[in-house]
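So the structure is just underneath, and the comments pick up after that.
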Amino acid sequence: MPELRKDPVVGRWVIISTERAKRPNDFSKNSEPLMEGQCPFCEGNEGMTPHEIYTISNPGVRKPDTRGWQVRVVPSIHPVLRIEGDLGRKGSGMYDMMNGVGAHEVIIETPKHMSGIADLDESQINKVIFAYIERINDLRKDRRFKYVLVFKNYGALAGASSIRHSHSQLIATPVNPKLVKEELLGARRYFDYKERCIFCDLIKQEIDSQDRLVMDLDGFVAVTPFASRFPFEVWILPKDHSCDFSNIKKPQIEYLAKVLRTIMRKLKRALGDPPYNYVIHTAPFRIPKAGYWRTIEQDYHWHIEIMPRLTKVAGFEWGTGFHINPTPPEDAARYLREVNENA
Amino acid sequence: MPELRKDTINGRWVIIAVEEGRHPADFDVEPHVSKGGGDKCPFCYGNEDKTPTEIYAHRVGGTKPNTPGWSTRVVPNKFPALRIEGELNRMGVGLYDVMNGIGAHEVIIETPDHEKSLADLSDSDVEKVIWAYRDRSIDLRGDKRFKYILIFRNYGESAGASLEHPHSQLIALPAVPIIVNEELKGSENYFEYRERCVFCDMISQELQETERLVTENRGFVSFTPFASRFPFETWIIPKEHCADFSHINKDQVIDLARILREVLLRIKNTLRDTSYNFIIHTSPVEERERDDYHWHIEIMPILFHVAGFEWGSGFYINPTTPEDAARCLREAKI
């Protein structure tokens, strides 16, 4: 019997078809060839990108936009939002609009032309996470922005561009994104009733039952969510309650790098280098406003959502928000626990 | 300067890249190469025994069910996402909620002709498809376990179609889908404040401004929505207020068949036969007739893969302004 499962945070129902369960090999693979010729993200080609905003450099003196860096952040070559200007909120008849003001940056994760985060070593991923935090904290100072979404598109099916060089992106938006808002509201509603964080409860239940637990290491857990929208969807959450990703400090950053790398390697091994997206869900910028975000420090819990893109999302999902997931999360967790990420 | 536009109904913001707007030729479209019908296709004539037993059909007089002689045929999906038998059994598991996957999942085979698409059928054949949508909706509305009847069509591999023979699908659900619920709530809020239907207001603004208008006829209007999520997203909506698709009358079936075929043909010719999804958004299964909701069809051409930003934020990035899209669709040769 297939099951309908309700996401406890957003209230989204998901169909889990337990009988037609798809195994990793049932999905067709989609490996993309590396781009030939010159890559703007490679060391030595710094002149091919807009001027850098931030770098983690090698020791010694270095001029901006030259060699000698480990992680480099530049404005997107094709920004979807513009950094200059005012919001200019206005109406047009019954419709509402505002200017597309925001920041769109690219975090180049390595000077070498490598394609995936799974192939980077722990200390390099550590630097990437540190760069995320530094950029969020810098953008926080701009009062026009309410939210920074850090995300990664890997593979053409996941919406990645023709540049195969390993990179993530961030977009700072002048309004809170709808899905984030729903998650925040869902978490607050739960807190209002139970005076506990829903994510902390979820972590506890997942550790107790073990069914959907992929890893539990150094203060982080990786789980396949009960109402996973996608086959092999994995979330990484800090065990200690914290609403804001940008508050994590040194040993935690190292631990997160280790868990993220292990999960990405497990997914690569289990599913044959699948296309995927990941996003970091964290608390919005808490601009003081009476009665707003009153309990967010207690009720929200930042996390990373990793979504392998193994099935094509069809009209039904788009039109309803109802997802059909052919792999039970319990099976996905078992495969991922068993697969050896170092093989 | 790109623009942020707010969807009036559900509050969703969309980024519209107004300056470097992408035009039809800027998108890669995967070509449709027919693998051919005949023996291998369960929806072709002579293969009626390869589908589950038919539920509904338009047939020439004297032909028996599950034999050739039909022009539209509805059968249960062989690989249903939901099962028709059983009870919902809602329950909790710790902090989680679960129910059984009860529902109906049917396939509407639109024509015996393997090589045609909905845009290529005659108006009267499209009318038969719409009657099938309507008749199946009315029948399933009688089942008290179902809260919502969703009719949709996946065309092309990128849109998730697994069989190429022209068909639509219907799923009856035991819960109102979240996106529909948001639309219902959004239109309720609008009505509370203004005492007018948000969709009726939208129709009158679109007919007046005409820059997003694709086409219109006696009973229906087609336009590209102000805050389109996808490039060339196109809606078709009845001019007369009505919340429930299954209340469609005979004249409206005729008008809808014409406009649906025309719009699909415009999309096909503008976007080189691109893959697309369309869905009918209608009111839930209920007794009351809503003043604040208005059924409509949303057509979403698939021109690129949605990326992490959209999935993580519910914020869509649309690289083609709806005004440009509407102009291209109006100018398409049909």
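Throughout, read-outs are computed from the coordinates displayed, never taken from laboratory work. Nothing here was measured: the structure is a model prediction, and the numbers come from that model. Every residue, glycine among them, receives a Cβ derived from its backbone with ideal geometry; neighbour counts consider all protein chains shown.
Radius of gyration over Kirkwood radius for chain A, both on Cα atoms: the Rg/Rh ratio is 0.96.
Can you give the direction-averaged projected area of the convex hull of the alpha-carbon atoms in the protein assembly as shown, in nm²?
Over all viewing directions, the protein assembly as shown projects a mean Cα-hull area of 30.1 nm².
Take the alpha-carbon positions of the stretch A:81-216, form their convex hull, and give its projected area averaged over all directions (one quarter of the hull surface) in nm².
Working: hull surface 50.9 nm².
For the Cα atoms of the stretch A:81-216, the hull's average projected area reads 12.7 nm².
Of B:150, B:104, B:204, which is farthest along the charge dipole of the stretch B:3-331 in the positive direction, counting Lys and Arg as +1 and Asp and Glu as -1 at C-beta? Farthest towards the positive end: B:104.
The tail of the calculated P(r) for the stretch B:185-334 beyond 19 Å holds 55 percent of all Cα-Cα pairs.
Within a 10 angstrom radius of each residue's Cβ in B:205-215, how many Cβ atoms of other chains show up on average? Whole number is fine. Don't skip to the answer; put the middle values down first.
Values: counts 4, 1, 0, 1, 2, 0, 0, 0, 0, 0, 0.
Going residue by residue through B:205-215 and averaging, the value is 1.
Counting beta carbons within 10 Å around each of B:158, B:283, A:123 and listing the fewest first gives the order A:123, B:158, B:283. Note down the relative contact order for the stretch A:226-343 as a percent, whole number, built from C-alpha pairs under 8 angstrom at least six residues apart. For the stretch A:226-343, the relative contact order is 48 percent.
Neighbouring Cβ atoms from other chains, within 10 Å of the Cβ of residues in B:90-96, number 5 on average. Neighbouring Cβ atoms from other chains, within 10 Å of the Cβ of residues in A:174-181, number 5 on average. Placing +1 on each Lys and Arg Cβ and -1 on each Asp and Glu Cβ, with no other charges, gives the protein assembly as shown a dipole about its Cα centre of roughly 1000 debye. Charges were assigned to the Cβ only: +1 to each Lys and Arg, -1 to each Asp and Glu. The resulting dipole of chain A about its Cα centre is roughly 560 debye.
Given +1 at the Cβ of Lys and Arg, -1 at the Cβ of Asp and Glu and no other charges, the dipole of the stretch A:225-282 around its Cα centre is 260 debye to the nearest 20. Out of every Cα pair in the stretch B:50-164, what percent are spaced more than 17 Å from each other? That tail contains 64 percent of the Cα-Cα pairs.
Per-residue Cβ neighbour counts within 10 Å put B:324, B:292 in the sequence B:324, B:292, beginning with the fewest.
Cross-link reach is defined here as a Cα-Cα straight distance under 12 Å, omitting same-chain residues fewer than 8 places apart; for residue B:185 the aspartates and glutamates meeting it are B:292.
Cα centroid separation, the stretch A:90-133 to the stretch B:191-270: 37 Å. Determine the shape class of the stretch A:193-264: with a ≥ b ≥ c the square roots of the Cα gyration tensor eigenvalues, call it rounded for a/c under 1.5, and otherwise prolate if a/b is greater than b/c, oblate otherwise. Since a/c reaches 1.5 but b/c is at least a/b, the shape of the stretch A:193-264 is classed as oblate. The Cα atoms of the stretch A:235-343 give a gyration tensor whose axes a ≥ b ≥ c have a/c of 1.5 or more with a/b no greater than b/c, which makes the shape oblate. Within the stretch B:3-331, DSSP assigns beta bridges of which about 90% are antiparallel (rounded to the nearest 5).
One-quarter of the Cα convex hull surface for chain B, in nm²?
Working: hull surface 74.9 nm².
Averaging across all directions leaves 18.7 nm² for the Cα convex hull.
Going from the residue with the fewest nearby Cβ atoms within 10 Å to the one with the most, B:130, B:279 rank B:130, B:279.
Output the relative contact order of the stretch B:3-331, whole-number percent, from Cα pairs under 8 angstrom with separation of 6+ residues.
With pairs under 8 Å counted, the relative contact order is 23 percent.
For the stretch B:3-331, build the charge dipole from Cβ charges (+1 Lys, Arg; -1 Asp, Glu) around the Cα centre, then report which of B:243, B:27, B:51 sits farthest towards its positive end. Most positive-ward Cα: B:51. With helices as the sole contributors, the protein assembly as shown gives -8000 deg cm²/dmol at 222 nm; each DSSP H run of n ≥ 4 counts as -39500 (n - 2.57), and the sum is divided by every residue.
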